[in-house]
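Visitor: I have a structure here, written as structure tokens, and I will follow up with some questions on it.
Only the coordinates and a few stated rules stand behind these numbers; no lab work does. In this text the structure is predicted, and so the values were computed from the model without any measurement. Cβ: placed from backbone, ideal geometry, glycine included. Neighbour counts: every protein chain shown.
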């Protein structure tokens, strides 16, 4: 299949050229139809097909969600710069998909017929040459029509008009079929954005479980780090960073991918001279979280307390390096069994050494289990950590989504990628709202990607993640940087009381969707009036996308404004997530 960009560009060039030719023929026909009644009748037949062609081009461009005023200007001016617009190229590619090639061929044939018809009218140039400069050409035709014999082949011209009519009907059929295919199938008692109940239950049913598991994981990590630092002589500059990928799978267990970096600790197995404030390293882990009853888990105490001894933990052999300066450093741990039982990581002093990428305990196998933590969020979860293989992604820098939006839309993203990005963010909000991973008042800057060398936006979407710093300022206080500060509290109150924002989480989601839809950054997120004004405009993604954005901004789902209520969560999923999925399905037409 040909490159869709070259096809699209060819369509625009051919359409503009065909319109220009039809305009030249029309102007000539208005003059020379006064030559005879037969010529007038034939040329009027052409004028009808010319109008049909203009209307078809109008509807053709409208499929690309082009502004109506711009379309009118393009139809009036075949040299209008929008005939070379990259945005229009993307729009036609998204709207017609594989059918665009057939449209191009049809328009090319129309242009060829118009050129032939233009040549058929060359015979009237003889009259134009005989016309004095001061005399209007139309008057000269009337004066000379009985004196000058013009050889005009009426039958050939009528044959070309018939061919033009047939091609316009082909173009009309293609356009109508594409428009019908894009419409959701009509099903009684189902909203256009609804999915089948089975598919809805499969995906939507995992959201609440993923939210509880991620919240429990945060609680488990925070509690374990606080305990390990309780005996530390200094907490200065000690912090931990966790990157949680959005792609969470939930069946019997919840599967998450995390990357953990620990700062401010002594590096394991190094001399005192080599200890600095750089991280121990960044470990990449696959986490499986399962709900357990802590009374049956082998521990007689609640999950946020730790046994005083190490009963139940398999004994491990200590390994020391010969360097005398390192003899008091943290020991490296290796297992003495080829198939060790999972280790409660809370039982390991300074268990951050487990996350160090060069630790001999955990870099020998792709799926090596390095231990578990337990955390509580409505239920008790056991989070088992498995080592993930080191990849290019895990070594790539993490960048905010705002950096991607700062790049020109023409060179960085297409409609399908924009819609997938929007859908990923909505799913992230449903999974992580009311958890420490996502603030109530958030923005685009709370979502990150890994920038891989040569990676496009499509590949970056697979690496979308949240980034959270844990900063322990005392043994009994968790200072996660994502916690709402005083400034955010003031912004929340202002938004609710002054501007009538019903739900700040959904308002923030609407602002994010607005920026993705326009592929631009809104500098002042607190300017509610400006946000609402921008939301009235129809983006390149279309009216349906605009309506979904406004629905989030105004929390207009008919189920109140409390997102902790399951019915509102389901309404957001059914309307926004499923609505975006339908738009993606209608545009994501791959090459065959």
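Visitor: Using a Förster distance of 35 angstrom, determine the FRET efficiency expected from the C-beta separation of residue 565 and residue 73, and round it to 0.05.
Guide: Efficiency, rounded to the nearest 0.05: 0.10.
Visitor: For residue 170 and residue 80, calculate 0.36 nm times their separation in residues minus their Cα-Cα distance, and state this gained length in nm to one decimal.
Guide: Fully extending the segment from residue 170 to residue 80 adds 29.8 nm.
Visitor: Going by C-beta contacts inside 10 Å, put 352, 103 in order with the fewest on the left.
Guide: Listed from fewest to most nearby Cβ atoms, that is 103, 352.
Visitor: What percent of all Cα-Cα pairs in segment 42-122 falls into each 10 Å bin, going from 0 up to the bin containing the maximum distance?
Guide: The distribution over segment 42-122 is 16, 45, 31, 8, 0, given as percents.
Visitor: Assuming R0 = 22 Å, what is the FRET efficiency of residue 400 and residue 544, from their Cβ-Cβ distance, to the nearest 0.05?
Guide: For residue 400 and residue 544, the calculated efficiency is 0.20.
Visitor: Using a 10 Å cut-off around each Cβ, can you sort 158, 523 from fewest to most neighbouring Cβ atoms?
Guide: Going from sparsest to densest Cβ surroundings: 523, 158.
Visitor: Test of understanding: ordering 106, 251 by Cβ neighbours within 10 Å, fewest first, what list do you get?
Guide: Going from sparsest to densest Cβ surroundings: 251, 106.
Visitor: Then there's this: For the pair residue 116/residue 251, report the inter-label distance in nm, with labels modelled 7 Å from Cα in the Cβ direction.
Guide: Distance between label points: 6.2 nm.
Visitor: How many nm is it between the label spots at residue 434 and residue 102, if each spot is 7 Å from the Cα in line with the beta carbon?
Guide: So the two model labels end up 5.0 nm from each other.
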